[in-house]
Amino acid sequence: MTFEEIKKILEDNLKGKIKELINPFPRRMTLWVDKADALETCKVLKEKAGFYHLSTITGRDTGDKLEALYHFAQNGMSLTLRLQTDKSNPTLSTTIAVYPGAIFYEREVHDLVGINFEGHPDMRPLVLPEDWPQGVYPLRKDWHYNREKGAIE
Amino acid sequence: MSTFILPVGPQHPALKEPTSFRFMVDGETVVDADLRLGYNHRGIEKGCEERTYIQDLYLLERVCGICSNVHMTVFAQGVEKLMGIEPPKRGLFIRCLMGELERVHSHLLWLGVAGHEVGFDTFFMYTWRDREIVEDILEMISGNRVNYGMQTFGGVRRDLDEMQIKKALDGIAALKARTPYYLNIGASEPTLVARIAGVGVLPKAKALELNAAGPTTRASGVDFDVRKDDPYAGFGEHIPFNIVTDEGGDVLARVVVRAKELMESYNICEYILKNLPAGDIRVKAPRKVPEGEVVSRAEAQRGECIHYIRSNGTDKPDRVKVRAPTLANWPATLYMLRGGYVADIPIVMAAIDPCLSCTDRMAIITDPKGNEKVWNWETLRQYGIDFYRKRGIKL
């Protein structure tokens, strides 16, 4: 489908919920909705707009907010869904009911950026060790890696 | 009968890099599977934020040894989009050529490993001998057998001359003559087929639902290939190729898909080498990147590789996200293992070509009351071979 066709489907099905819908590069589009509309948007993307594949989820620290970017794909188009949440209470609802393939991606984002996915059945750490301190998220901007000094230096 | 928990890993579940599995087994049958990653988490994404773009290019090449070139390609073409530069056609063709040569060496490596896991070491010796041909071509072009360092912002770093093109064509011709033999063995040799047919089945609906990628999903009949869906470098408009799919959905189908993809890759390489456009191989790239964000994708040998890059106007990126194809295939692998035999674990895990590193150590606890039995990977592999030997499948 072309950008115009997908845009029409999304505008028909998500009336008044689209904050931003752009086409920055050929075969790339970005959709921004409120986090409360996330599940409904995912359903529309999968069932109406033909985005059958979830490539991955990127977690990002924007400074004052946390952002989750869902990268969806279909033949000829890659769509990025942008959701934002407050840093004080970083929660999003899980999308594994619509995209079961999201199960590991959501765990990874939880590990590294610290967004809680409400309704996710298994929020154990996936990539960080078990003894990693609670509440420390390495991909946030306030976390810096300090290499320990070696014995010989 | 009660179920036992069978821990596999973290050292060496299948090929390279450590990962840890917990299999719930009921006698010979795997009832459920669980996964723990991160033993090789090196913080490359955070590292990228602290380095300049050109440093990141070489850091990202080291995400993986087998698909080093594809990570470099994805990052380079993403940053090129942000910079607003377009590499010359000759550069794009050489970029494609490197990607396809890398696919050839990886698929030949995988065919050998698959043979080894089921106890068919002759197959392993044959394919790895032929893999040397493509390694020699890669070394001749880039100077290296792995981590070629060929891609850069605005094109590629090394050109090909007439002598190199001729040698590469000779090598491809030799591989093209041999590969049909492997396809024939993989698809019709009765003992091998008895080990891999109907093992690790992934139906098409599940492949779509669990967002699998690469040959794993194509062997389940889904024609998902980034080279066609989202053409990059020279693919699509300039370089013709076909997508290989198979309806089988089992390990046999994955062997067939990879062997047929080898033939497609040879055709692509030949086409590129014979139709290499004249001109420059790269354009000059700026040091600072304008503010913006981009999603860049490419088809690695194991499936879709995707990078998300966000720039903030300086010479360092604000965020780089890397998703290599193996992570996309784990949910599907756990599905495939359920209901299968313990003896099939090695080949089912190897069938997605996981990017894990080998240390040859693994523990199995067969009795939760403390009656422990510790096996290493070699023992499990041998157990699988003996299991089928007793049932008359002798490779």
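The values are calculated or read from the model by the stated rules, or taken from the named source; none is laboratory data. Note that the structure is predicted; figures quoted are calculated from it, not measured. Cβ sites come from the backbone with ideal geometry, for glycine too, and all protein chains shown count toward neighbours. Side chains are part of the model used for accessible areas, which takes the heavy atoms of the whole protein and leaves out ligands, DNA and RNA. Shrake-Rupley method; radii C 1.70, N 1.55, O 1.52, S 1.80 Å.
For the structure I just gave you, tell me whether residue B:103 is in contact (Cβ under 8 Å) with a residue 12 or more places away in the chain, in the same structural domain as residue B:65 (by TED's automatic domain parsing), open to solvent by 60 Å² or more (accessible area, probe 1.4 Å) and touching an Asp or Glu at 6+ places or on another chain (Cβ under 9 Å).
No; evaluated as a whole, the condition is false for this residue.
Check A:10, A:39, A:21, A:14 and return the single one that is surrounded by fewer than 18 Cβ atoms within 10 Å (Cβ to Cβ), away from chain B (no Cβ under 14 Å) and over 18 Å from residue B:210 (Cα atoms).
From the options A:10, A:39, A:21, A:14, the qualifying one is A:21.
Could you pull out the residue among B:43, B:47, B:84, B:78 that is open to solvent by 40 Å² or more (accessible area, probe 1.4 Å) and either within 13 Å of chain A (Cβ to nearest Cβ) or closer than 30 Å to residue B:343 by Cβ (or both)?
Values: B:43 fails: open to solvent by 40 Å² or more (accessible area, probe 1.4 Å); B:47 fails: open to solvent by 40 Å² or more (accessible area, probe 1.4 Å); B:78 fails: open to solvent by 40 Å² or more (accessible area, probe 1.4 Å).
Testing whether each residue is open to solvent by 40 Å² or more (accessible area, probe 1.4 Å) and either within 13 Å of chain A (Cβ to nearest Cβ) or closer than 30 Å to residue B:343 by Cβ (or both) leaves just B:84.
So if I check each of B:22, B:62, which one is among the basic types (Lys, Arg) and modelled with pLDDT under 85?
Just a single option satisfies the conditions, and that option is B:22.
In region B:251-305, how many are aliphatic (A, V, I, L, M) and within 30 Å of residue B:199 (Cα to Cα)?
Residues that pass the stated criteria total 11.
State whether the residues of region B:138-147 include one that is open to solvent by less than 20 Å² (accessible area, probe 1.4 Å), over 20 Å from the mean Cα position of the chain (by Cα) and more than 30 Å from residue B:184 (Cα to Cα).
Yes: one or more hits.
If you go through region B:252-265 one residue at a time, do you hit one that is within 22 Å of residue B:76 (Cα to Cα), assigned by TED's automatic domain parsing to the domain that holds residue B:160, open to solvent by 20 Å² or more (accessible area, probe 1.4 Å) and without any contact (Cβ under 8 Å) to a residue 40 or more places away in the chain?
no
Give all pairs with beta carbons closer than 7 Å in which a residue from region B:204-226 that is more than 8 Å from every other protein chain (Cβ to nearest Cβ) meets a residue that is in a helix (DSSP H, G or I) and open to solvent by 10 Å² or more (accessible area, probe 1.4 Å); count only pairs at least 6 apart in sequence or on separate chains.
B:206/B:335; B:220/B:204; B:221/B:204; B:222/B:204; B:222/B:208
Results for (1) touching a residue at least 24 places away in the same chain (Cβ under 8 Å); (2) more than 14 Å from chain B (Cβ to nearest Cβ); (3) not in a loop (DSSP other than H, G, I, E, B), shown as yes or no for each residue.
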{"position": "A:89", "(1), (2), (3)": "no, yes, no"}
{"position": "A:97", "(1), (2), (3)": "yes, no, no"}
{"position": "A:124", "(1), (2), (3)": "no, no, no"}
{"position": "A:146", "(1), (2), (3)": "no, no, no"}
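For region B:201-208, check the following and say yes or no: at least one residue is outside any helix (DSSP H, G or I), in the same structural domain as residue B:107 (by TED's automatic domain parsing) and either surrounded by 17 or more Cβ atoms within 10 Å (Cβ to Cβ) or among the hydrophobic types (A, V, I, L, M, F, W, C) (or both).
Yes, region B:201-208 has at least one match.
Of the conditions (1) over 27 Å from residue A:110 (Cα atoms); (2) not in a strand (DSSP E or B); (3) not acidic (Asp, Glu), residue B:46 satisfies every one except a single condition; which number is it?
Every listed condition holds for residue B:46 apart from (1).
Sort out which residues of region B:119-134 are open to solvent by 50 Å² or more (accessible area, probe 1.4 Å), hydrophobic (A, V, I, L, M, F, W, C) and more than 19 Å from the chain's Cα centre (by Cα), and write them in order of number.
B:125
If I ask for residues that are open to solvent by less than 10 Å² (accessible area, probe 1.4 Å), basic (Lys, Arg) and within 8 Å of chain A (Cβ to nearest Cβ), which ones from region B:287-318 would you list?
Matches in region B:287-318: B:297 only.
Let's see how each residue does on (1) touching a strand residue (DSSP E or B) at 6+ places or on another chain (Cβ under 8 Å); (2) modelled with pLDDT under 90; (3) farther than 26 Å from residue B:312 by Cα:
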{"residue": "A:58", "(1), (2), (3)": "yes, no, no"}
{"residue": "A:65", "(1), (2), (3)": "yes, no, no"}
{"residue": "A:77", "(1), (2), (3)": "yes, no, no"}
{"residue": "A:83", "(1), (2), (3)": "yes, no, no"}
{"residue": "A:88", "(1), (2), (3)": "no, no, no"}
{"residue": "A:122", "(1), (2), (3)": "no, yes, yes"}
{"residue": "A:132", "(1), (2), (3)": "no, yes, yes"}
{"residue": "A:151", "(1), (2), (3)": "no, yes, yes"}
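What are the residues in region B:50-75 that are more than 13 Å from every other protein chain (Cβ to nearest Cβ), of a type in the set (Asp, Glu) and surrounded by fewer than 21 Cβ atoms within 10 Å (Cβ to Cβ), if any?
Listed by number, the list is empty, since nothing qualifies.
Go through region A:51-87 and count every residue that is of a type in the set (S, T, N, Q), within 18 Å of residue A:21 (Cβ to Cβ), under 10 Å from the mean Cα position of the chain (by Cα) and within 10 Å of chain B (Cβ to nearest Cβ).
Matching residues across region A:51-87 total 1.
Residue A:73 is checked against (1) open to solvent by less than 10 Å² (accessible area, probe 1.4 Å); (2) in a loop (DSSP other than H, G, I, E, B); (3) of a type outside the set (D, E, K, R) and fails just one. What number does that condition carry?
Of (1) open to solvent by less than 10 Å² (accessible area, probe 1.4 Å); (2) in a loop (DSSP other than H, G, I, E, B); (3) of a type outside the set (D, E, K, R), only one is false for residue A:73: (2).
Applying the selection to region B:291-340, what residues are in a loop (DSSP other than H, G, I, E, B), touching a residue at least 40 places away in the same chain (Cβ under 8 Å) and in contact with a Lys or Arg (Cβ under 8 Å, 6 or more places away or on another chain)?
Matches in region B:291-340: B:301, B:315, B:316, B:324.
So for region B:87-109 (the condition being assigned to a loop (DSSP other than H, G, I, E, B), within 14 Å of chain A (Cβ to nearest Cβ) and closer than 20 Å to residue B:307 by Cβ), does at least one residue qualify?
Our first condition is that a residue be assigned to a loop (DSSP other than H, G, I, E, B); within region B:87-109, this holds for B:87-88.
Now narrow it down to the ones that are within 14 Å of chain A (Cβ to nearest Cβ): none.
No, because not a single residue in region B:87-109 is assigned to a loop (DSSP other than H, G, I, E, B), within 14 Å of chain A (Cβ to nearest Cβ) and closer than 20 Å to residue B:307 by Cβ.
So which of B:360, B:353, B:318, B:367 ends up being acidic (Asp, Glu) and at pLDDT 80 or above?
B:318
For region B:125-160, name all the residues that are in a loop (DSSP other than H, G, I, E, B) and β-branched (Val, Ile, Thr).
B:146 - this is the single residue of region B:125-160 that is in a loop (DSSP other than H, G, I, E, B) and β-branched (Val, Ile, Thr).
Take the residues in region A:24-36 that are in contact with a helix residue (DSSP H, G or I) (Cβ under 7 Å, 6 or more places away or on another chain) and more than 9 Å from chain B (Cβ to nearest Cβ), then tell me which one is farthest from residue A:93 (Cα to Cα). Step through it out loud before you land on a result.
The first filter runs over region A:24-36 and keeps only residues in contact with a helix residue (DSSP H, G or I) (Cβ under 7 Å, 6 or more places away or on another chain), leaving A:25, A:29, A:31, A:33.
Next cut, more than 9 Å from chain B (Cβ to nearest Cβ) only: A:29, A:31, A:33.
Numbers: A:29: 23, A:31: 17, A:33: 13 Å.
Among residues in region A:24-36 that are in contact with a helix residue (DSSP H, G or I) (Cβ under 7 Å, 6 or more places away or on another chain) and more than 9 Å from chain B (Cβ to nearest Cβ), the one farthest from residue A:93 (Cα to Cα) is A:29.
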